[in-house]
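Structure first, then comments.
A short reminder: the numbers here are calculations on the coordinates, not readings from a lab. None of these values were measured; they are calculated from a predicted model. Heads up, the Cβs are rebuilt from the backbone with ideal geometry, glycines too, and the neighbour counts pull from every protein chain shown.
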């Protein structure tokens with residue numbers, strides 16, 4: 001899956017209608033945060049970042065760009081927030097392309113991630129490691145069948161250093177491309193397929209990251225499949241048994257969840273659906289939802305497009321007070337320079353009160369210096385600053401018609 005295909009799917013339209021119950025929600029604009037563009041990608045240092053950022057103890061940020069860089073196939077980078085300086089740690093060549101997801105970092109400072117293409121076939125993909133000297137190692141190259149292909153989701157790391165993730169395709173069901181798998185890769189590079197999706201009713205095309213609870217259960221989403229083909233929330237226990245916790249219905253509960261989940265102390269799961277809900281966008285503008293431990297879903301917020309945003313493509317983050325933060329890939333009040341009419345995207349916050357949940361737009365992108373289309377999840381530091389990336393905007397070049405993308409910060 002190329003970066004263009006990922007974005008094309010985010011912009012695809014589905015029209016559906018189902019009845020569900022939602023809580024009372026409102027939206028408001030409140031620039032209580034100060035927005036700053038920290039870096040504009042230039043192509044030579046990468047372009048089109050699709051993955052989220054991580055941060056080390058010194059405040060440095062690490063991430064990926066899906067394309068360009070020294071060999072035009074994407075990069076792994078480090079960004080010094082104090083000196084505002086970006087360093088390309090690794091440029092992908094023909095061995096692996098389109099690192100569409102963010103990274104995970106171990107205690108020694110090694111970085112781990114996925115590339116959507118490369119490996120044992122052009123579209124199979126790989127799990128890679130980059131050590132502190134910049135040396136890259138392919139921990140596992142996917143083959144498609146039966147171990148999976150096209151990993152576009154971020155990895156998570158278990159307490160033993162094992163890496164867990166999903167592939168969007170591959171496995172041994174859903175010919176010709178496969179429904180995808182949940183996998184584990186050990187520190188030595190041994191891959192174990194924990195589960196192979198079959199489509200219905202368990203779901204297919206899992207392109208979102210996983211979350212791991214204290215008992216060793218994994219939780220995630222599938223973009224399609226389930227009882228209604230509109231996507232699922234699932235749990236995979238330590239024995240490899242998959243349980244569909246929820247199958248989306250479309251409207252107003254949401255459909256096609258592209259993002260991973262957040263797990264709170266009570267076992268509630270929070271997530272987004274890219275489409276569906278009660279918004280008037282064709283196919284719905286997307287939702288923020290909560291799934292309680294009994295499997296009951298509550299729609300916390302339905303997006304409307306303008307000014308609150310549409311198509312939340314990325315996972316949420318949650319603070320100690322239970323507030324939720326995220327991005328919408330489109331919508332908002334900004335007018336994008338490519339004329340798509342959908343807006344350039346937003347950064348939002350959801351807060352709970354007795355009357356329900358209130359959405360606050362922290363920033364609407366304008367498509368120019370501040371960026372456009374924030375597909376990636378946010379990072380929140382100890383001081384409450386929010387960091388993220390935009391897919392386009394920033395520096396406009398012949399190789400980046402609508403901009404190469406940005407790194408940004410919002411300060412409370």
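Suppose R0 equals 22 Å; then what is the FRET efficiency for residue 159 and residue 121 from their Cβ-Cβ distance, rounded to the nearest 0.05? Step by step, r from the Cβ atoms, then E = 0.10.
Counting neighbouring Cβ atoms within 10 Å and putting the fewest first, the residues 140, 120, 368 line up as 120, 368, 140. Our helix-only sum for the chain, with -39,500 (n - 2.57) per DSSP H run of n ≥ 4 divided by its residues, gives a mean residue ellipticity at 222 nm of -500 deg cm²/dmol. Relative contact order of the chain, taken over Cα pairs closer than 8 Å and 6 or more residues apart, is 15 percent.
Restricting attention to the range 17-411, close to 90% of DSSP beta bridges with both partner residues there are antiparallel.
Across all Cα pairs in the chain, the calculated P(r) in 10 Å bins from zero up to the longest distance comes to 5, 25, 35, 27, 7, 0 percent per bin. Taking Cα pairs under 8 Å and at least six residues apart, what relative contact order does the range 309-382 come out at, in percent? Here the relative contact order equals 33 percent.
Using a ≥ b ≥ c from the Cα gyration tensor of the range 137-235 (square roots of the eigenvalues), is it rounded, prolate or oblate, where a/c under 1.5 gives rounded and otherwise the larger of a/b and b/c decides, a/b for prolate? Oblate is the answer for the range 137-235, as a/c is 1.5 or above yet b/c matches or exceeds a/b.
With contacts taken as Cα pairs under 8 Å at a separation of at least 6 residues, the range 156-197 carries a relative contact order of 33 percent.
At full extension, residue 382 and residue 227 could sit 51.7 nm farther apart than now, given 0.36 nm per residue minus the alpha carbon distance.
If R₀ is 35 angstrom, what is the calculated FRET efficiency for the pair residue 264 and residue 399, using the beta carbon separation as r and rounding to 0.05? Computed FRET efficiency for residue 264 and residue 399 comes out at 0.25.
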